Amino acid sequence: MNIRKNPYSLFCVLLLISLAVALIALGMGEHWINPLSPSSDMESRILWELRWPRLLTAFAVGGMLALAGAWFQVLLGNPLAEPYVLGVAGSAAVGAVSAMIFMPDAAWAVSLGAFVGAWVGITVVLFFSRLGSARLLLAGVVLAAFWAAVLMLLIALLPERGVALAYAWMMGDLSNSALPIWLLMLVWAAALACGLILSLSLDKLLLGEKHAAALGVNVPHLRKLLLLLASAVTALAVTAAGTIGFVGLVVPHLMRLLLGSLHQSVLIASAFGGGVLLMLADTAARTVISPAELPVGVLTAIIGVPVFLWLLLRRNA
């Protein structure tokens with residue numbers, strides 16, 4: 001059976017692969033833990049209270065970033081587009097660091113500040129969405145630079161003990177997410193379902209806006225819906241784990257290379273592929289220099305840059 005043309009089979013295969021990767025990742029650490037039968041109360045607590053929540057957070061965040069990347073690439077007609085291209089991550093970081101300044105003792109304040117900041121960024125982007133794809137991309141680059149400048153100003157105002165926390169969050173941190181796992185998994189599933197519902201329209205949009213309109217697609221409505229969905233999913237991912245780059249850029253590219261351009265298969269593969277990639281990256285981040293941890297965002301960039309350059313060379317070959 002050709003799983004490229006059978007989304008149900010592709011979903012089942014990727015689900016099994018994701019479970020296998022999760023079980024392998026659960027057992028990696030300073031001491032091997034059998035995820036199927038933990039041998040002590042301490043190992044059981046480590047498994048259920050630390051490892052599983054962190055792995056599921058990584059899976060959901062990675063999947064959401066990959067889905068958002070696939071949507072942005074179609075929306076902007078640019079294969080270099082990614083979830084952070086319109087400055088949503090920058091505005092979220094401004095919100096998070098603002099919370100560190102004004103509510104330094106509230107553990108939940110960073111996530112709330114990031115979520116509010118992300119939606120401020122989304123509102124600004126929606127205001128510029130009327131400009132068309134090319135100018136929207138340019139506006140996003142300028143907005144990202146603006147948020148970066150504001151962020152540096154806020155970091156300069158942070159007390160010394162808060163600077164390390166701010167940089168850790170900005171480089172990606174899956175260990176301290178304040179969002180419940182069920183919410184992240186629910187949003188991941190809802191985002192994938194929305195993508196599958198829109199997949200036929202996305203396939204038509206690949207032909208160009210005029211051709212898509214001739215085939216019955218309400219292009220302005222679809223563009224606004226895609227922008228809102230992709231930005232909202234990015235906002236939640238950044239709120240949960242900070243800034244983690246290259247997942248939303250590389251994974252959709254790789255899945256199109258492997259499965260073709262039809263979005264029904266690409267979106268399913270991206271949702272699972274992004275999750276698996278971030279699970280593996282987070283596992284490596286916490287084990288390579290154990291007991292210390294590498295920032296997972298740095299590790300995804302180290303992995304993502306050479307992979308993306310290889311994909312560019314392959315496309316031009």
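Note the full-extension length gain between A292 and V219 as 0.36 nm times their separation in residues minus their Cα-Cα distance, in nm to one decimal.
Taking A292 through V219 to full extension adds about 21.4 nm, to one decimal.
Run the paramagnetic zone check for A156: 7 angstrom along Cα to Cβ, then residues of segment 72-95 with backbone nitrogen under 19 Å.
91, 93-95
What does the convex hull of the Cα atoms come to per residue for the chain, in Å³?
So the per-residue Cα hull volume is 140 Å³.
If I require 20 Å or longer along the helix axis, counting alpha carbons, and a Kyte-Doolittle average no lower than 0.0, what helices from the chain are left? Use full DSSP H segments.
Counting only whole DSSP H runs, the qualifying helices are 7-26, 52-76, 88-102, 109-128, 133-157, 181-205, 219-241, 263-287, 296-316.
Could you please report the charge total around V247, scoring K, R as +1 and D, E as -1 over all other residues with beta-carbon less than 13 angstrom from its beta-carbon?
Within the 13 Å Cβ shell, the charges total -2.
A short reminder: the numbers here are calculations on the coordinates, not readings from a lab. Just so it is clear, the model here is predicted, and its values are computed rather than measured. All Cβ positions, glycine included, derive from the backbone under ideal geometry; neighbour counts span all protein chains shown.
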